[in-house]
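Worksheet: the structure to be examined is printed underneath.
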Amino acid sequence: MTGFDDIKGRKPLKNQLKKLIDKGRISHGYIFEGPKGSGKKLIADAFAELLFCYNQKGLETCKTCKGCTGYKEKYVLETEKSISVDDIRSLVADTELMPFGNNRKIYIIHDADTMTDQAQNAFLKTLEEPPPYAFFMLTVTNSEQIIDTIRSRCIILYTGVNTKQEVLEYLEQNNPDADTKSIYAAACFAEGCIGRAAGLINDQSFIQCRKTAVDYITKSQQDFDIKDLKGDVLVFLEILQSLFRDMLVYKATNDSSNLINTDISDIIKRTAERNSSKSLLIAFNSAMKASEYIKDNVSQSIAIGTLNIELMEELNIW
Ligand SMILES: [Zn+2]
């Protein structure tokens, strides 16, 4: 059972939800929008708990009422692939059955932005005239993928992300055996998404790719052979882009507090100072282009070989 007490940070979202509840603005549809790994599931679960409670105060449930202690009818739709019209039809069929335990039934559709058009239209019909006891929560990465007629019937809430400090604290509490460097690297790269950070902390491929990417910007690119990379080349290129992005940010602001890779801000600063913004932008674009080539099935050695040459021409690393 998740409550809002278990969810770190997220003041803007919590304030917004509190206001909705205080004003009695309960809707039948909610869309929780936020990046992957940012805790949308936890938030939807916590909100469901609130809706089940008869005596909720702000974001707290009473934990004693019939709603809190009795049987909760929660229907969670989550699929590996896109959500089909059949998935929605099963959900809609369930909404036609009266609730028995609680006086509310809650439907959570995860990754609702993967609903096919047909599925969205089937869902819309139920949302237009929902049974009084049915409440729907959609979690999405991008609410623009949801048709306007659904969006206009829902309250859209941005879940936001956590601060780097909150991610760090979470990782430290939950990974007592991990070393500080890995914790810091995962927290830096997760961009405020605790779920993403939790996945990265034990991901050897990520750790290796990041080490290689840092070597790559500090040593001659000429020596780099993609065959030596112990990890996913696309992850390597994504990390490389984050390093160049950080150098550009540092150059523009002279401030290292907004960097993704704060744990290696000394390397970022040093490399940024030796290169023009123009060169760094070219380097960033070259890394991006290399990853697009690989996604388009160009061989990795050609894509990385081209990148090596472009960066050698552009960057001063010594
Ligand atoms: Zn209660």
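The values are calculated or read from the model by the stated rules, or taken from the named source; none is laboratory data. Note that this is a predicted model, so its numbers are computed, not measured. So basically every Cβ, Gly included, is an ideal-geometry build from the backbone, and we count neighbours across all protein chains shown.
The single condition among (1) out of contact with any Ser or Thr (no Cβ under 9 Å at 6 or more places or on another chain); (2) surrounded by 15 or more Cβ atoms within 10 Å (Cβ to Cβ); (3) modelled with pLDDT under 90 that Phe224 does not meet is (1).
Taken as a whole, segment 37-47 holds no residue that is more than 13 Å from the ligand (Cβ to nearest atom), modelled with pLDDT of 90 or more, over 24 Å from Ser152 (Cβ atoms) and loosely packed, with under 15 Cβ neighbours inside 10 Å. Of everything in segment 170-191, what is part of a helix (DSSP H, G or I) and surrounded by 17 or more Cβ atoms within 10 Å (Cβ to Cβ)? Give them in sequence order. Residues satisfying the conditions are Tyr170, Leu171, Ser182, Ile183, Tyr184, Ala185, Ala186, Ala187, Cys188, Phe189. Among the residues making up segment 128-153, those that are over 16 Å from Lys40 (Cα atoms) and either part of a helix (DSSP H, G or I) or touching a residue at least 40 places away in the same chain (Cβ under 8 Å) (or both) are Glu128, Pro130, Ala134, Phe135, Glu144, Gln145, Ile146, Asp148, Thr149, Ile150, Arg151, Arg153.
In segment 69-127, which residue that is in a helix (DSSP H, G or I) and either within 19 Å of Gly37 (Cα to Cα) or touching a Pro at 6+ places or on another chain (Cβ under 9 Å) (or both) is nearest to the ligand (Cβ to nearest atom)? Ranking the candidates gives Thr95 first.
Just one of the listed residues (Asn258, Asn254) is exposed (fewer than 13 other Cβ atoms within 10 Å of the Cβ) and modelled with pLDDT of 90 or more, and it is Asn254. Given the structure, is Ile267 out of contact with any Pro (no Cβ under 6 Å at 6 or more places or on another chain), assigned by TED's automatic domain parsing to the domain that holds Ala303 and farther than 21 Å from Thr163 by Cα? When the stated conditions are applied, Ile267 passes them. Checked against the criterion of being in the same structural domain as Ser143 (by TED's automatic domain parsing), within 16 Å of the ligand (Cβ to nearest atom) and under 18 Å from Thr139 (Cα atoms), the candidates Ile31, Ile26 yield just one match: Ile26.
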